[in-house]
Amino acid sequence: MSATHSDIPVSGEGSRIAGVDPHPQVPRFGHGSRVPGWDDAVDLTKPPATVPDPALTEVPDELRREIEDAMARYPDRRSAAIPALRAAQQLYGWCSPEAIDQVGAVMQLTPAYLTSVASFYDMFALSPKPEHDVYVCTNITCSLLGGDELHEAFIELAHENPDLNVCSFECLGACDIGPMASVDGEYVGPLTIDDARQIVEDLHAGAPVLPAKQLRSRRCADPRAEQRAAGSDETTSDPADA
């Protein structure tokens, strides 16, 4: 969903970054949910699903290799549907019908099956979208900490920057750094309203977004985890083993 979508939820006034609103309004879409979708009707006029013919479906070599590598990791090829669709979206910018046909040709699955997977997950796009994904968590913890106001700030920036795909997200699983967002897959937080503009500037400069606030930069209680993240081959003995 792009930032200019008419159904974008709008929360109430006030700032819960400075203070907690005791009666916050819950932003919802027209169909009653806080998340988009779920109201798209099934097209029963379409012909029965068939597996695309590999001999007639041209697939870029790079995409084919990524899909085949993903399939090799699982005993059931269908388990590779998510990484295969992700590879297609990274190549084309969205899961277009042509991209889904190419994935289906390699995996020998019907486009209907792959579409059912892609339409279930919010991070797959079944229509063209702007280049940069900014997913702002607006679930309870982030919402109480200012997530809704942060989302509104990004929406305002998206009006000036059409390459931003701003979405509110039910939960990104990073409550400890709330309010937070996922920016092109990079988790950043805790965020302030001013951070929103800095993130946009970083994106346009091709620079890492808010390096000091990236989740990957936070220290971990397990020293071995930090070494693995840094790519170190050295191991540190666990004090408990001494």
Q: Could you pull out the residue among Thr50, Thr45, Thr57 that is under 24 Å from Ser127 (Cβ atoms), among the hydroxyl-bearing types (Ser, Thr, Tyr) and modelled with pLDDT of 95 or more?
A: Thr57
Q.
Looking only at region 107-147, filter to residues that are within 13 Å of the chain's Cα centre (by Cα) and of a type in the set (Phe, Trp, Tyr); which one of those is surrounded by the most Cβ atoms within 10 Å (Cβ to Cβ)?
A. Tyr135
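Listed here are the residues, each with its yes/no results for (1) in contact with a Leu (Cβ under 8 Å, 6 or more places away or on another chain); (2) basic (Lys, Arg); (3) modelled with pLDDT of 95 or more.
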site	(1), (2), (3)
Gly189	yes, no, yes
Glu201	no, no, yes
Cys220	no, no, no
Arg224	no, yes, no
Arg228	no, yes, no
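Quick one: would you say Ala112 is closer than 26 Å to Ser96 by Cβ and assigned by TED's automatic domain parsing to the domain that holds Ala81?
yes
Within region 128-168, which residues are in a strand (DSSP E or B) and in contact (Cβ under 8 Å) with a residue 60 or more places away in the chain? Lay out the reasoning, then the answer.
Here is the first cut: in region 128-168, the ones in a strand (DSSP E or B) are 132-137, 164-168.
Hits for region 128-168 are His132, Val134, Leu164, Asn165, Val166, Cys167, Ser168.
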Q | Condition check for Leu203: in contact with a Cys (Cβ under 9 Å, 6 or more places away or on another chain) and either over 24 Å from Ile140 (Cβ atoms) or not in a helix (DSSP H, G or I) (or both) | A | no
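The values are calculated or read from the model by the stated rules, or taken from the named source; none is laboratory data. These figures come from a predicted structure and were not determined experimentally. Quick reminder, even Gly has a Cβ in these numbers, built from the backbone with ideal geometry, and neighbours come from all protein chains shown.
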